[in-house]
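The structure appears right after this line, and notes come after that.
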């Protein structure tokens with residue numbers, strides 16, 4: 001996902017995405033989601049294009065990008081491992097599991113392994129509170145994650 | 001006749017391996033040349049039994065669970081297709097006490113039908129509410145909802161009918177129905193289950209709301225953490241549109257109503273209604289000061305009904321069976337049913353829809369069966385990260401809006417999270433403040449600054465620095481946040497903090513004292 005495209009290509013692709021969603025009411029979030037799907041993050045070069053097309057200031061667009069936890073300003077690793085950090089998962093040993101994940105990967109939350117394989121992220125609730133602790137690897141959900149399951153997840157992500 | 005085998009597509013079931021089970025089942029059916037088909041249903045809500053495989057027999061549906069992919073061959077060997085005996089057999093699904101004792105109105109079809117089959121939906125009583133609604137006067141629909149006593153299931157408990165009436169009476173060429181599906185509270189998954197297991201009931205509820213208030217456009221604002229719900233909901237809307245349930249002529253009537261799904265971007269505060277509206281408009285999810293109410297000036301400054309998923313999904317039953325039918329369930333001013341979500345450290349986790357009025361103790365000990373770890377229950381957080389922690393001493397509290405408020409708590413979106421005796425309540429209180437600091441939209445000072453100061457004060461208490469003075473300071477800070485914040489994020493964060501401090505004072509003693517006491 002995190003292929004570095006030349007600036008002109010980013011601008012061109014952004015223009016196409018904006019064009020696709022411009023007709024919606026309140027199109028900015030759908031546009032940003034699509035841009036992140038496309039590039040793996042929201043490249044800075046997109047912002048002036050979006051601002052111009054939606055008749056917003058760059059500051060307004062930047063403000064929205066930075067407000068929401070989902071939007072990245074830098075590319076993530078090839079895989080994203082999200083661990084639920086909310087109360088239900090805490091009640092089932094989520095904190096300990098998070099420490100274990102950090103140790104296995106050698107990184108902290110919001111960091112990417114040096115080989116670019118895995119980004120570790122906290123998430124506040126996957127809605128899988130009845131099978132805590134839970135995790136999500138690239139959109140695939142896992143429940144009742146124990147040490148063995150976590151090791152398998154990390155191994156899968158490292159590939 | 002082709003035998004139907006049900007394997008859920010609900011995210012909780014998928015998280016426990018349902019996809020692998022479904023794949024293995026399909027392969028075995030093909031390899032053995034059996035006359036059977038796999039139907040991907042929603043979840044019945046008995047999550048400790050997921051993946052729950054069901055087979056339709058002449059006697060009814062027989063359940064097996066929890067099933068692993070490696071169990072599939074032995075299940076078929078044991079005569080799964082005719083409900084044969086197997087160590088994983090649970091007998092008739094409907095007879096499992098956890099399910100049998102429920103009153104399923106809103107979740108009547110969830111886990112029963114194929115969520116994307118409109119025929120299945122109709123065959124199980126779907127669309128009757130909307131059919132009645134399109135033949136009624138808007139004011140009569142609103143009156144029916146008001147008389148049912150339905151209150152907002154998102155947590156605020158505001159009467160749904162009153163909200164609708166305000167929008168109906170508001171002048172405006174364009175009005176909106178916004179469904180708040182930004183279910184961010186830990187311990188809650190009812191909205192997700194409806195969207196994944198019975199999306200048409202939400203579509204029907206929103207269409208009724210549209211007809212009742214003269215709104216022609218609806219939005220379901222949900223979470224990016226819910227990819228499965230987004231996919232099912234989006235597909236269901238397309239199916240409903242193609243079938244004429246949505247569109248310029250709702251069920252062939254003169255009413256027009258259409259809707260779409262919008263995805264949030266990982267901001268908890270967007271579950272607050274005014275913040276959600278800003279987010280839908282493409283802005284930062286900053287809370288708006290009220291008034292004006294969203295019912296007068298909501299989305300794009302137009303009159304807007306904004307209701308929780310469960311509120312809207314409860315409406316079709318009310319229209320179909322009448323206000324009195326719904327109102328006759330419940331207690332006090334809490335009418336109808338509530339889907340209680342039992343989560344965390346609990347043996348029988350899942351969703352339990354019942355009339356208001358069960359005590360917290362009945363829910364935790366009898367229905368939930370105590371902790372999964374087998375250790376004693378220490379605390380139960382009711383209503384998500386902004387809800388109070390209840391000790392065993394308050395287990396006689398009935399599940400009712402007013403009864404919980406009287407005990408300095410709230411039922412919120414009806415999620416309950418159970419903790420065993422290893423929980424450290426000072427740590428939980430600190431987490432509540434930390435969460436508020438991470439998720440604060442930043443508009444008001446008590447929330448933005450208070451939460452950060454709260455974390456620091458909690459750390460001082462943990463470190464044994466002037467504990468008595470800092471406990472007083474924490475209480476004072478909570479008071480400021482409670483009364484000075486613009487919305488429930490800053491305003492309700494004091495609930496978990498103060499309840500932890502009030503009910504578990506031993507956890508707020510300085511570390512050396514706590515160690516000496518052990």
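The values are calculated or read from the model by the stated rules, or taken from the named source; none is laboratory data. All figures in this text were calculated on a predicted structure; none of them were measured in a lab. For neighbour counting, all protein chains shown are included, and Cβ atoms are generated from backbone atoms with ideal geometry for every residue, glycine included.
Each residue in the range A:121-142 was checked for being in contact with a strand residue (DSSP E or B) (Cβ under 8 Å, 6 or more places away or on another chain) and either modelled with pLDDT under 95 or assigned to a loop (DSSP other than H, G, I, E, B) (or both), and 8 of them qualify.
With the condition kept exactly as written, say whether any residue in the range B:364-379 is away from every other protein chain (no Cβ under 14 Å) and surrounded by fewer than 24 Cβ atoms within 10 Å (Cβ to Cβ). Yes: the range B:364-379 contains one or more residues that are away from every other protein chain (no Cβ under 14 Å) and surrounded by fewer than 24 Cβ atoms within 10 Å (Cβ to Cβ).
Would you mention how many residues in the range A:21-37 are more than 17 Å from residue A:75 (Cβ to Cβ) and within 11 Å of another protein chain (Cβ to nearest Cβ)?
At the first step, the residues of the range A:21-37 found to be more than 17 Å from residue A:75 (Cβ to Cβ) are A:21-31.
Keeping just the survivors that are within 11 Å of another protein chain (Cβ to nearest Cβ) gives A:21, A:24-31.
Number satisfying all stated conditions: 9.
I'm trying to understand the selection: among the residues of the range B:454-487, which are touching a helix residue (DSSP H, G or I) at 6+ places or on another chain (Cβ under 8 Å) and closer than 13 Å to residue B:433 by Cα? Passing the criteria: B:454, B:455, B:457, B:458, B:459, B:474, B:475, B:477, B:478, B:481, B:482.
Screening residue A:113 with (1) out of contact with any strand residue (DSSP E or B) (no Cβ under 6 Å at 6 or more places or on another chain); (2) crowded, with 21+ Cβ neighbours inside 10 Å; (3) more than 24 Å from residue B:265 (Cβ to Cβ) gives one miss only, at (2).
Just one residue in the set A:64, A:18, A:42, A:80 is within 13 Å of chain B (Cβ to nearest Cβ) and in contact with a strand residue (DSSP E or B) (Cβ under 8 Å, 6 or more places away or on another chain); that residue is A:80. Is at least one residue of the range B:329-342 within 14 Å of chain A (Cβ to nearest Cβ), more than 28 Å from residue B:144 (Cβ to Cβ) and in contact with a helix residue (DSSP H, G or I) (Cβ under 7 Å, 6 or more places away or on another chain)? Yes, some residue in the range B:329-342 is within 14 Å of chain A (Cβ to nearest Cβ), more than 28 Å from residue B:144 (Cβ to Cβ) and in contact with a helix residue (DSSP H, G or I) (Cβ under 7 Å, 6 or more places away or on another chain). The combined condition, being within 28 Å of residue B:478 (Cβ to Cβ), within 12 Å of chain A (Cβ to nearest Cβ) and either at pLDDT below 95 or assigned to a loop (DSSP other than H, G, I, E, B) (or both), is not fulfilled by residue B:348.
Pick from A:149, A:121: which is out of contact with any helix residue (DSSP H, G or I) (no Cβ under 7 Å at 6 or more places or on another chain), over 25 Å from residue B:434 (Cβ atoms) and more than 8 Å from chain B (Cβ to nearest Cβ)?
On the way: A:121 fails: over 25 Å from residue B:434 (Cβ atoms).
Answer to the check: A:149.
If you go through the range B:425-455 and keep only what is more than 19 Å from residue B:270 (Cα to Cα) and surrounded by fewer than 17 Cβ atoms within 10 Å (Cβ to Cβ), you end up with B:427, B:452. Listed by position, the helices (runs of 4 or more DSSP H) enclosed by the range B:421-518 that each have at least 1 residues that are more than 27 Å from the chain's Cα centre (by Cα) and under 20 Å from residue A:67 (Cα atoms) are B:445-463. The combined condition, being at pLDDT 95 or above, crowded, with 20+ Cβ neighbours inside 10 Å and out of contact with any helix residue (DSSP H, G or I) (no Cβ under 9 Å at 6 or more places or on another chain), is not fulfilled by residue B:111. The residue list B:187, B:157, B:149 contains one member that is over 21 Å from residue B:279 (Cβ atoms) and at pLDDT below 95, which is B:157. The residue list B:45, B:63, B:91, B:17 contains one member that is surrounded by 24 or more Cβ atoms within 10 Å (Cβ to Cβ), at positive phi, under 32 Å from the mean Cα position of the chain (by Cα) and at pLDDT 95 or above, which is B:45. Of the set (1) over 29 Å from residue B:284 (Cβ atoms); (2) more than 13 Å from every other protein chain (Cβ to nearest Cβ); (3) touching a residue at least 12 places away in the same chain (Cβ under 8 Å), all apply to residue A:93 but (2).
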